[in-house]
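Engineer: Quick one: structure below, then a few questions.
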Amino acid sequence: MISLALVFHNHQPVGNFGWVIEELWEHAYAPMMAALERHPTIRAGLHYTGPLLEWLAANQPAAPGRIAALVRRGQVELLGGGWYEPILVALPDADRHAQLARMRDEVERLCGVKPRGAWLAERVWEPSLAHDLAAAGYEYTVLDDNHLRGAAVRDEDMWGTYVVDDRGRMLSVFGAEQGLRYLIPWRPVPEVIEHLRRHATPDGRRLGMMGDDGEKFGAWPDTYEYCWGKDGWVERFFSALEAESSWLTTVRPSDWLDQQPPLGRIAVPASSYVEMTEWALPPDEALVFHELLADARRRSDPAARFLRGGTWRAFQARYREINDLHKQMLRVSDKVAAMPEDERRVRAQDHLHRGQSNDVYWHGLFGGIYLADLRVAALSELIAAEDLADGGEVSTMQADFDLDGLDEVLLGGPGQTIMVDLAEGGVIGAWDLLASRVPLASVLRRRPEAIHQQLTAAVAAGTAGPAGDQPVSPHDAVVVKEMGLERYLVYDRHERRSGLVHLLDPALAAHLGPAELSAERFDDQADLGEEPYAVEELAGRRLVLRRDGHLRRSGGVDEGVLADGEWAVSLVKRIELSGTRRSPELLMRVELHNGGASRLETEVDLEWAFQMLGGGGNPAAWYELSSGTTEAPRTPHDGSGDVLSMDGLSFGNDQLGVRIDGRLEPVARVTWHPIETVSNSEAGFERVYQGSALHLRWPLAVEAGAAAAVTVRFVVTQQRDRLQEESARDAAEGIPGG
């Protein structure tokens, strides 16, 4: 005899499109709900994230009642967790508790029963969670067999529960067996039943736990007909469970806790499911780990159970963008915690918690920082929370905001904030618009990933291709959504920042168009781009930076060139913020000082990276380029172009209600191109638009001992002030603080 606990995790993140959730409802969530209603003897656990429950209440108003009915008849239990499904270990203690408590209370409000179990986002576990989950009223959580192996639990001892404790609190843990996760629903039903039969015992004191994504039952590519069509997999599976009920019983996880004692006490180290621990490693190490583990498993080597990958926190070390996001979240959390206890704080806290939704705090097959829409959504929520906390007044300060041991400058102005990285070229790492809540600088660097080697190997072997007719586990195949993706495996030499200065050889620069700049087929003549800058002035809304460096001159040594063939040059950057809340302005002036004894000719390339959600040829996102009195038509923001002489340009997103007009002095050559990465998902490998690179280019001739300057002024126009809209809505509804 044996018991089986099925837990279906139904997840939708903050910021996902409504039409996407509608499709998931129709293809996965609704069919599973109906299947459970048709099979009242099949017991299970269900977990719905807060954003999904909010969507169901607004768009499928009958669904919450149907869920509650399944709970009331004792067939289903709802699991709690963090309301907006954050990575709990990433949060300050107060936010951890608030997220857990809200989910607990919302589940009780929905079905009249407090949840006993907590679902952990991406099963990211650290020992401190035993205390935090228990303190919030939870009795158990679902981990993976990978976690339990880290606690020295042998495979034959996985089939039950264990207890862990921390700071005087105890928590029960289930280990979801990877064998069941990979069998259900990918293998024939008899194969799943036989797997369970092999692990059954005469006394029936074994439990198989299968906790996994509900979306794989119909929403993943090619799974809808497979799972829910005529004679679909789920119907056959549930019928088989009913037919084998003499020895195979489905249970709710809490039923098992009530019926069976724990198998023992263990200490579970920091971990996640095994795939996540692989994704957390640098690319080369991830490939080594993957091959070692796969080989050990093929050989049934007992040593496989001792192989460990990385931990979730490694994503902050691997991805500058994730670390920046995380540290911005912590900064905002501190500000919200310091607010007076009033309705304004309640609103700010909700925005903060929405900005903690986990998907963009890691990267892997099923989500991650590469998803620009979700990244922008999370940042938008953090901008909203910080705006409420600051009360519209942003302080300018110099500090180590990203906790890398080096200072940055947070410069606040009317309706905007920017973060300047002093140690990396005095560049702008964040530019946030407060009224529209748009993070203009949220652009991801193109970097090597382990999956890229998987793709190139499959292309070389001729095994990469479009999806077939039959569903396969996304772990088992290389599916490409377009052929030739390997051509887009281009990697950046630097982080994607704005206001980055390149000094280029004028003769070579003349031939650098969008393709060459995108592929970074050029060399800087000077060491002024990514090196540390000193603060000469920081006052109010103005920041002046300086770097003294050298410019290498090709083609021989002339008078004024240093002995080692390098010119002495200095670069001064002046950044000023002005304007109003709805129409903020940013000015950057770059002065190049020639410290040599002869004339210096170079091209200044001032590089910017902008996020306008322009992927897929989105008609709402655009460039508008003019030359003198000639107005150029709008072009897609994810396109490429090169105009030799311009005094101004505009770009924006009509859906976001943002327009930016750039004024150039003197006239400049303007080149732009998309920044696209290659990512993998359950649907296959695909290009993902991350933003647009904009190069403002001026040829300069600077006499010995003299200086020359170039200037760009960006004037922002925003159609909406979302804070004012929220306040007006709250006031109309009689909510205090509106």
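Engineer: Applying the selection to region 123-149, what residues are surrounded by 22 or more Cβ atoms within 10 Å (Cβ to Cβ), acidic (D, E) and closer than 17 Å to R96 by Cβ?
Structural biologist: D132, the sole residue that qualifies.
Engineer: Does E244 meet the test of being more than 23 Å from E77 (Cα to Cα), surrounded by fewer than 21 Cβ atoms within 10 Å (Cβ to Cβ), outside the structural domain of A683 (by TED's automatic domain parsing) and over 32 Å from the mean Cα position of the chain (by Cα)?
Structural biologist: For E244, the condition - more than 23 Å from E77 (Cα to Cα), surrounded by fewer than 21 Cβ atoms within 10 Å (Cβ to Cβ), outside the structural domain of A683 (by TED's automatic domain parsing) and over 32 Å from the mean Cα position of the chain (by Cα) - is not met.
Engineer: Do we find a residue being over 26 Å from R331 (Cβ atoms) and among the β-branched types (V, I, T) anywhere in region 83-106?
Structural biologist: no
Engineer: When residues of region 259-281 are filtered for being over 28 Å from the mean Cα position of the chain (by Cα) and not in a loop (DSSP other than H, G, I, E, B), how many remain?
Structural biologist: 2
Engineer: Right, another one. For the list (1) modelled with pLDDT of 95 or more; (2) more than 37 Å from the chain's Cα centre (by Cα), I need the number of the one condition that D231 fails.
Structural biologist: (1)
Engineer: Checking Y162 against (1) touching a Leu at 6+ places or on another chain (Cβ under 7 Å); (2) farther than 16 Å from Q260 by Cα; (3) surrounded by 22 or more Cβ atoms within 10 Å (Cβ to Cβ), which single condition isn't satisfied?
Structural biologist: Single failed check for Y162: (2).
Engineer: Can you tell me which residue in region 430-457 is nearest to T677 (Cα to Cα), limited to those that are surrounded by fewer than 22 Cβ atoms within 10 Å (Cβ to Cβ) and small (G, A, S)?
Structural biologist: A450
Engineer: Taking the condition crowded, with 19+ Cβ neighbours inside 10 Å, modelled with pLDDT of 95 or more, part of a helix (DSSP H, G or I) and out of contact with any helix residue (DSSP H, G or I) (no Cβ under 8 Å at 6 or more places or on another chain), does V107 pass?
Structural biologist: Yes: the conditions hold for V107.
Engineer: Restricting to region 405-458, name every residue that is charged (D, E, K, R), in contact (Cβ under 8 Å) with a residue 40 or more places away in the chain and assigned to a loop (DSSP other than H, G, I, E, B).
Structural biologist: If the condition is that a residue be charged (D, E, K, R), in contact (Cβ under 8 Å) with a residue 40 or more places away in the chain and assigned to a loop (DSSP other than H, G, I, E, B), then R437, R445, R446, R447, E449 are the ones that fit.
Engineer: Okay, moving on. Pick from P188, P202: which is farther than 29 Å from L365 by Cβ, out of contact with any strand residue (DSSP E or B) (no Cβ under 6 Å at 6 or more places or on another chain) and assigned by TED's automatic domain parsing to the domain that holds P31?
Structural biologist: P202 is the lone residue from the list that is farther than 29 Å from L365 by Cβ, out of contact with any strand residue (DSSP E or B) (no Cβ under 6 Å at 6 or more places or on another chain) and assigned by TED's automatic domain parsing to the domain that holds P31.
Engineer: Say we look at region 86-113 and pick out the residues that are without any contact (Cβ under 8 Å) to a residue 24 or more places away in the chain and of a type outside the set (K, R); which of these is farthest from L325 (Cα to Cα)?
Structural biologist: Once the filter is applied, the top-ranked residue is E108.
Engineer: A further question on this structure: Can you tell me which of T635, T629, T602 is more than 35 Å from the chain's Cα centre (by Cα), among the hydroxyl-bearing types (S, T, Y) and at pLDDT 90 or above?
Structural biologist: Step by step, each of T635, T629, T602 is checked, and only T602 is more than 35 Å from the chain's Cα centre (by Cα), among the hydroxyl-bearing types (S, T, Y) and at pLDDT 90 or above.
Engineer: Another question, then. If I filter region 459-508 down to residues being surrounded by 19 or more Cβ atoms within 10 Å (Cβ to Cβ) and assigned to a strand (DSSP E or B), which single residue comes out as modelled with the lowest pLDDT?
Structural biologist: V479
Engineer: Taking only region 282-310 into account, find how many residues are in contact (Cβ under 8 Å) with a residue 60 or more places away in the chain and not in a helix (DSSP H, G or I).
Structural biologist: 1
Engineer: In region 226-254, which residues are of a type in the set (V, I, T) and assigned to a helix (DSSP H, G or I)?
Structural biologist: V234
Engineer: What number of residues within region 320-362 satisfy the criterion of being among the small types (G, A, S) and within 12 Å of the chain's Cα centre (by Cα)?
Structural biologist: 2
Engineer: Name the residue that is nearest to the chain's Cα centre (by Cα), counting only residues in region 70-81 that are surrounded by 14 or more Cβ atoms within 10 Å (Cβ to Cβ) and not in a strand (DSSP E or B).
Structural biologist: So, considering only residues that are surrounded by 14 or more Cβ atoms within 10 Å (Cβ to Cβ) and not in a strand (DSSP E or B), the one nearest to the chain's Cα centre (by Cα) is L79.
Engineer: Shifting gears a bit: Need the failing condition index for D212 against (1) within 24 Å of N680 (Cα to Cα); (2) without any contact (Cβ under 8 Å) to a residue 40 or more places away in the chain; (3) not in a loop (DSSP other than H, G, I, E, B), just the number.
Structural biologist: The single condition D212 does not satisfy is (2).
Engineer: Output the residue which, of all residues in region 605-616 that are in a strand (DSSP E or B) and under 28 Å from the mean Cα position of the chain (by Cα), is farthest from A707 (Cα to Cα).
Structural biologist: Step by step, filter region 605-616, then rank; the result is F610.
Here is a yes/no grid of residues against (1) surrounded by 18 or more Cβ atoms within 10 Å (Cβ to Cβ); (2) in contact (Cβ under 8 Å) with a residue 24 or more places away in the chain:
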position: L600; (1), (2): yes, yes
position: L625; (1), (2): yes, yes
position: R634; (1), (2): no, no
position: G639; (1), (2): no, yes
position: G662; (1), (2): yes, yes
position: R669; (1), (2): yes, yes
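Engineer: Check L528 against each of (1) closer than 23 Å to V702 by Cα; (2) modelled with pLDDT of 95 or more; (3) among the aliphatic types (A, V, I, L, M) and name the one condition it does not meet.
Structural biologist: Unmet for L528, out of (1) closer than 23 Å to V702 by Cα; (2) modelled with pLDDT of 95 or more; (3) among the aliphatic types (A, V, I, L, M): (2).
Engineer: Among (1) over 31 Å from the mean Cα position of the chain (by Cα); (2) not assigned by TED's automatic domain parsing to the domain that holds E607, there is one condition D730 misses while meeting the rest; what is its number?
Structural biologist: D730 satisfies every listed condition except (1).
Engineer: With the condition being more than 22 Å from the chain's Cα centre (by Cα) and of a type in the set (K, R), I'd like the helices (runs of 4 or more DSSP H) fully within region 13-65 carrying at least 1 qualifying residues.
Structural biologist: 30-38
Engineer: Okay, moving on. Being in contact with a Phe, Trp or Tyr (Cβ under 7 Å, 6 or more places away or on another chain) and under 13 Å from L606 (Cα atoms) is the filter here, so list the residues in region 667-683 that pass it.
Structural biologist: A668, W672, listed by residue number.
The values are calculated or read from the model by the stated rules, or taken from the named source; none is laboratory data. Here the structure is a predicted model, which means the values were calculated and not measured. Here Cβ is always computed from backbone atoms with ideal geometry, including for glycine, and neighbour counts include all displayed protein chains.
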